[in-house]
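The structure appears below as structure tokens.
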Amino acid sequence: MRRSSWKIRIFIGLAIIAFAFFKKCANTEENPYTKKQQTISLTTEEEIAIGLQSAPQMAQEYGGLYPDERMQAYVDMVGKKLVDNTVARETPYQYDFHLLADAETINAFALPGGQIFITYALLSKLENEDQLAGVLGHEVGHVLGRHSAERIANSEFWQTISQGASVGADAGGIVAGIGQNVLLGNGRDDELESDDLGVRFMIKAGYDPYEMIDVMKILKAAAGPSRAPEFQSTHPDPENRIEHIKAAIKKYGG
């Protein structure tokens, strides 16, 4: 009886894993802007809706929006220039640029669908418009690259695989650990792809792409010696990113 129960568990576990792979294959598509094969479970309309719905809460977590309309207009101007002069304008996404009031946290990020944020703490470290274009271009790259939507789909895949492994062989924890490492690696790849796209957007919009290298130096200085090793971080080390940025500048003729 016990052996029969064990066989049933194995069968159910394998069925769950097979379903996960079937769903992953069914949701694989080519990104029309990057030509990359991606697993995506959200429509562009769903991405836009998620971003718009999440934007107010994200702003609240960083102290709300920066109260100076002149500074916000400056960020809007640079963001609009990047979108209007690049392939980003051909996408269905609604790009909005938000300057956050947080004067301590050096950060910039993008939500699915085009909601892009930069903290005043980071903006105040930047030395010129070209560097701001580098930061915003990188975040536009995340949106256009559909990195958040891809991460959601991949997380769902590994959760299902982990569930199947747990049912079939009590190996859910091992599989979950493997999945976490894969997702971390994918996150670093996303950052490098966004750097590449950011360089491309800067050149198209008439900005100096070499200023993005100085942005990396600013980020490295801000991180200080407490930065986690690259293999533990979703972001590659700034020195590694600089080498990739130089390669992208050469590739796009900047």
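Each reported figure results from applying straightforward, stated rules to the coordinates on display, with no laboratory input. Here the structure is a predicted model, which means the values were calculated and not measured. When we count neighbours, we look across all protein chains shown, and the Cβ atoms used for this are built from the backbone with ideal geometry, even at glycine.
The 3J(HN,Hα) values that the Karplus relation (6.51, -1.76, 1.60; θ = phi - 60°) gives for the range 64-69 are, in residue order, x, 7, 5, x, 8, 5 Hz. Gly and Pro appear as x. Under 5 Å from the amide H of residue 65 lie the amide H atoms of 101, each residue being 5 or more positions distant or on a separate chain, with H modelled from the backbone and absent for Pro and chain starts.
Legend: ranking of residues 95, 207 from fewest to most surrounding C-beta atoms inside 10 Å; resulting order 95, 207.
The amide H of residue 107, built 1.01 Å from its N in the peptide plane, has 119, 122 as neighbours under 5 Å, considering only residues 5 or more places off or on other chains. Local charge for residue 51 was computed over the other residues whose Cβ lies under 13 Å away, with Lys and Arg +1 and Asp and Glu -1, and equals -4.
Each residue of the range 117-125 was assigned a 3J(HN,Hα) from its phi angle through the Karplus expression (A = 6.51, B = -1.76, C = 1.60, θ = phi - 60°), giving 10, 9, 7, 4, 4, 6, 4, 5, 7 Hz with x at Gly and Pro.
Each Lys or Arg adds one and each Asp or Glu subtracts one; over the other residues with Cβ under 12 Å from the Cβ of residue 63, this totals -3. Taking other C-beta atoms within 10 Å as the exposure proxy, 77, 202 rank 77, 202 from fewest upward. Backbone amide hydrogens, once placed in the peptide plane, bring residue 115 within less than 5 Å of 96, excluding anything fewer than 5 places away on its chain.
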